[in-house]
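In what follows, a structure is listed as structure tokens, so that the remarks can point back to it.
We did not get these values from a lab; they are worked out from the coordinates using the rules stated. None of the values given here were measured: they were computed from a predicted structure. FYI the Cβ positions are ideal-geometry reconstructions off the backbone, even for glycines, and counts take in every protein chain you see.
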Amino acid sequence: MSCTVVICCGSGGVGKTTISAALAVKWALAGKRVAVLTIDPARRLADSLSIGELSNAARAVPIEGAVDGGALDAMMLDAKATFDELVERLAPSPAIAARILGNRYYRVASERLGGSHEYMAMERLLRLAESGVYDVVVLDTPPTRHALDFLKAPDRMAGLMDQGVLRWLVMPARKGGWRALELGSEAITRVLKRLLGQGTIGEIAEFFDAFVSVGDGMRERSMAVHALLRSPATHFLLVTTPAPTARSEALHFLRLLVEKEMPFGGFLINRFRTPPQHALSPDDIPAALSDTARDALLRAHRIQSSQAAAHQRSVDDLLAAGPPAAGRWLIPDQGKDIHDLQGLAALGTTLPSPDALR
Amino acid sequence: MSLLDKRILMVTGKGGVGKTTVSVAIALAAAARGKRVIIAETSGAEVVPPLFDSLRGGYEPHPVSAGVSTLSITPEAALEDYVVQQIRFRSLFKLVFRNRIVKPFTDAVPGLHDAVQLGKVFDLERASRPGGQPLWDLIVVDAPATGHGLTMLGSAQTMMDLTRAGPMFEGVRQVQEVMADPVRSALVLVSLPESMPTSETLDLYRRLDDQQRAQVGAVVLNSLYPRPLPQEDWDAARPLLADAPPAVAEAAAMVDRWQGRVQQQADARAKLAGIPCPLLELRHRFDGSPDAAALLEMGEALLAQEEA
């Protein structure tokens, strides 16, 4: 049975984490078995789900009143633990796994590797989708500066695991010399040595020498992720707000999705200010009210009207620039923080139902 | 010691809190006081020039306003700059770093991209005019958001751990020396007066090491709403609105939410006051995105609070 994958993307501060949690709660209440994965180290998902602490292991979130079978697990990505586990699983022997895990370059790289969070989020997503335990997996994406980094991560890892690259990198460890088979190799050798020093290059080469044995497995996983991201069961939801900067980043991300042939699931437009339902005339206000209270009422009404008009223009621009039949969900500004399950469930009324994603 | 006495200000905070706004505001106010200032973007988005109706972007510093220049430091441009400085030949850089084999490898070296970006900031700090005075009195870095910001701050140390010796080690050691110097470099943490940004700011502060904590020069609390009316006036007015027509009831609910937000702001302020450095505040602007004049006014407001 296939698992639906929902990936919430968007620029920082638009409310991805809260919306991911609200989607997960909504679908669990509707009877789905849902996992929500955040990579956000700031523990904000735990705050919203009111479960105190999140960890790399799945943690059940107590959902009351769910349709039969509905359940929710939440977890926070630990990139290093996921990387270690992957190496242990793919290494041909425990001794080789230990050699990789103990390498100094690996230790620095797995914790601080540029893009390792992005890549490991994808690896974890794949594991959850394959597990057969869940109907839906929701991924709250990392706050990346370059959306591209995130989408490219699997391909970049596959590039690094390319046999040609690995073979080239392990040459010094195997033949006692840093030689490449390609044109210009001498220059490359000279430049890298001059920049990094011979010692560092040796250690990195040692790492790759051990790593070459898991290279095939890593490349397979990367290809599986690549396929998962383009599967019809996957939906990229672009979370944005009516703010001009968030909107232009959303459109930028959308172009990347199209370019990379990844399935766009629709816009979730958060913190949308709805216009007042009634016109307010000063004559409506009880005469007994103080001047300050009267002014406050008129001012609040005026501000909300102008903000709502500005937001509507912004949303119209966004939708006009997006694909014609794009799904769109407007999420009214809650006017307060959401930090419990009831708040998340309430937010869910404005979000797509499990069947709304095509 | 004031923010303007520093050479480098690293402005960071959760996504969407207004890091760029605060960076530009401080830069404009510093320039108004006679400083030569440069704003360094690190995201590649080049959002600063359009604030000054300029279409120019890129890695070369270019003026956008009296006393203020800007540049966009992308990892790619900074890496090329660094390597060419080391090996002298641009053609050799292209041969090596655009190579099919080397490219995925350099992409994977932990901290390299962040470290070369910091390296460029370091170069700006050291650049001098013919008379020997600094070319830039103040470098305001619009740094990446919290998690990535921390990685960038630690990247010189990461590269030192990784290389341990050699030319690159020596280079990043010098960068680290300037970045970790409390006299020359300070951190500015930007937050919003809402509970999640506030807890993220506190979390960021907790994750800094002692050295970095001592470098936090200011916390900026952005986008504060004014109180619509004193709470006791509102409490007195509320019962009179019990049977009000729907239009008034609706407006009353808006005022309730507004008062609630102001209360939440007080909570945020109290929590952030726990960070031992000046807490500077900026009011919410109901009139949309600030223009250059408004940004200068915001910067002046920040500096005035810091001096008070």
Aspartates and glutamates whose Cα lies under 17 Å from that of B:LYS103, excluding same-chain neighbours fewer than 8 positions away: A:ASP149, A:ASP155, A:ASP162, A:GLU182, A:GLU186, B:GLU76, B:GLU80, B:ASP81, B:ASP114
Sequence of B:GLU200, A:GLU64, A:GLU123 once ranked by neighbouring C-beta atoms within 10 Å, starting from the fewest: A:GLU64, A:GLU123, B:GLU200
Pairwise centroid distance, computed over Cα atoms, of region B:252-308 with region A:318-358, Å: 28
Sequence-distant residues sharing a close amide H with B:GLU281 (under 5 Å, placed H): B:LEU221
The protein assembly as shown, helix-only ellipticity at 222 nm - DSSP H runs n ≥ 4, -39,500 (n - 2.57), divided by all residues, nearest 500: -17000 deg cm²/dmol
Average other protein chain Cβ within 10 Å of Cβ, residues B:13-23: 3
Within chain B, percent of DSSP bridges classed antiparallel, to nearest 5: 10
Cα gyration tensor shape of region B:126-166, rounded if a/c is under 1.5, else prolate or oblate by comparing a/b with b/c: oblate
Angle in degrees between helix A:198-229 and the longest Cα principal axis of chain A, rounded to the nearest 10: 50
Angle in degrees between helix B:19-32 and the longest Cα principal axis of chain B, rounded to the nearest 10: 80
Angle between chain B longest axis and helix B:195-207 axis [Cα atoms, degrees, rounded to 10]: 40
Sequence of A:TYR119, B:TYR205 once ranked by neighbouring C-beta atoms within 10 Å, starting from the fewest: B:TYR205, A:TYR119
Mean-position separation - Cα centroids, region A:1-39 and region B:197-216, in angstrom: 29
Karplus-derived 3J(HN,Hα), 6.51/-1.76/1.60, for each residue of region B:261-266, Hz, glycine and proline x: 5, 5, 5, 4, 4, 5
Average Cα contact separation per residue, chain B, under 8 Å, 6 or more apart, as relative contact order %: 25
Diffusion constant of region B:77-232 at 20 °C, which comes from Stokes-Einstein with the Kirkwood Cα-pair radius and 1.002 mPa s, µm²/s: 119
Under the Karplus curve 6.51 cos²θ - 1.76 cosθ + 1.60, θ = phi - 60°, whole-Hz ³J(HN,Hα) for region A:268-274, x wherever Gly or Pro sits: 10, 9, 8, 6, 7, 8, 7
Per-residue ³J(HN,Hα) for region B:162-179, Karplus 6.51 cos²θ - 1.76 cosθ + 1.60, θ = phi - 60°, Hz, x for Gly and Pro: 6, 8, 6, 6, x, x, 5, 4, 4, x, 5, 4, 5, 4, 4, 4, 6, 5
DSSP beta bridges in region B:166-298 [antiparallel fraction, %, rounded to 5]: 0
The protein assembly as shown: antiparallel DSSP beta bridges as a percent of all, rounded to 5: 10
Length-normalised contact order of region B:106-227 in % [C-alpha pairs under 8 Å, at least 6 apart]: 22
Per-residue Cβ neighbour rank within 10 angstrom, fewest leading, B:ILE8, A:ILE96: A:ILE96, B:ILE8
